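Contents: one structure, followed by commentary.
The values are calculated or read from the model by the stated rules, or taken from the named source; none is laboratory data. What you see is a predicted model, and the numbers here were worked out from it, not measured in a lab. Note that each Cβ is placed from the backbone with ideal geometry, even for glycine, and that neighbours are counted across all protein chains shown. Heavy atoms of the whole protein, side chains included, go into the accessibility calculation; ligands, DNA and RNA do not. Shrake-Rupley method; radii C 1.70, N 1.55, O 1.52, S 1.80 Å.
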Amino acid sequence: MNRLNFEFEYANGITHARLISEFGQGVIERHWTGLYELDYPDDPQHHPLFRFGVNNNNQEEVAVYLGLAWAFTAGRHRFAVPTWARDEAIRHLRRHDYDFISWEYEIDAERPDWPTRDRGFVVPRVMLPTRPAPTAWQRAHRHEAGLFPARELRELTALTTATLMDVDGNVNLFALADIDHKDRLLESLRGQSQPELATLLTPGDI
């Protein structure tokens, strides 16, 4: 495994850290050949994609990033937003305990450098099915993302896997020092004006 580089920013006394800006490039020095040679079982409980977010396309980097994200947010209350993929996440988790929100954070990895990659909070765009046609409920909520609790690593993995099914997708992970901070988070993510991280997060939040 190659060394991971971090970039730090300071704003209003708050430190923001970014992991390597290119997702899944240059982290693993040598990939396991079984990613390409094995026939994977159909059972999601044993398929490496659904267990670790790993297959011959996404490779082991996904598991590394998930493990780091889980370690960095230890001891806090985690909530995640799978961008574009709210309904796919519902299907993966087989749960409906999420909150509608009006903003999600977007990183455009195709841009050449920072800060152009960092688009900040944007209005959500949920993917609609083509066959069968989208339901009235899906159309009514197509511009509302879902804020999902991630109580276990397998739930964060499922939320991430939901975003890997298309050409674009991110996961916003919020880790709150106190569960009472969730009301503040929801208020910001449901507001009329674009949120800013410096005011959305309170001391101890990530």
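Go through region 194-206 and count every residue that is under 16 Å from GLU106 (Cα atoms) and assigned to a loop (DSSP other than H, G, I, E, B).
Number satisfying all stated conditions: 3.
Taking only pairs six or more apart or across chains, which ones have beta-carbon atoms under 6 Å, a first residue in region 133-144 that is part of a helix (DSSP H, G or I), and a second residue that is not charged (D, E, K, R)?
If the second residue must be not charged (D, E, K, R), the pairs left are GLN138/LEU128.
Could you check region 109-131 and list, in sequence order, the residues that are in a loop (DSSP other than H, G, I, E, B), modelled with pLDDT under 95 and over 16 Å from ILE90 (Cβ atoms)?
Residues satisfying the conditions are ALA109, GLU110, ARG111, PRO112, ASP113, TRP114, PRO115, THR116, ARG117, ARG125, THR130, ARG131.
Enumerate the pairs (first residue in region 179-206 and more than 16 Å from PRO149 (Cα to Cα); second residue anywhere and open to solvent by 50 Å² or more (accessible area, probe 1.4 Å) and in a helix (DSSP H, G or I)) with beta-carbon separation below 7 Å, excluding pairs fewer than 6 apart on the same chain, so at least 6 apart or on different chains.
The qualifying pairs are THR202/ARG184.
Among the residues of region 161-183 satisfying the criterion of being part of a helix (DSSP H, G or I) and open to solvent by 30 Å² or more (accessible area, probe 1.4 Å), which is farthest from ALA85 (Cα to Cα)? Quick ask: steps written out before the conclusion?
First, the residues of region 161-183 that are part of a helix (DSSP H, G or I): 161-163, 181-183.
Filter again for open to solvent by 30 Å² or more (accessible area, probe 1.4 Å), leaving 181-183.
Working: HIS181: 25, LYS182: 21, ASP183: 23 Å.
Only one residue fits best here, namely HIS181.
Out of TRP32, TRP70, TRP84, which single residue is farther than 23 Å from PRO129 by Cα, assigned to a loop (DSSP other than H, G, I, E, B) and either modelled with pLDDT under 90 or of a type in the set (Phe, Trp, Tyr) (or both)? Before the answer, list the steps.
On the way: TRP70 fails: assigned to a loop (DSSP other than H, G, I, E, B); TRP84 fails: farther than 23 Å from PRO129 by Cα.
From the options TRP32, TRP70, TRP84, the qualifying one is TRP32.
Would you check which residues across region 87-101 are assigned to a loop (DSSP other than H, G, I, E, B) and surrounded by 17 or more Cβ atoms within 10 Å (Cβ to Cβ) and list them?
Filtering region 87-101 for residues assigned to a loop (DSSP other than H, G, I, E, B) gives 94-98.
Scanning region 87-101 gives a single hit, TYR98.
May I ask you to verify whether ALA158 is in a strand (DSSP E or B), small (Gly, Ala, Ser) and surrounded by 15 or more Cβ atoms within 10 Å (Cβ to Cβ)?
On the way: in a strand (DSSP E or B): no; small (Gly, Ala, Ser): yes; surrounded by 15 or more Cβ atoms within 10 Å (Cβ to Cβ): yes.
Here the answer is no, as ALA158 does not meet what is asked.
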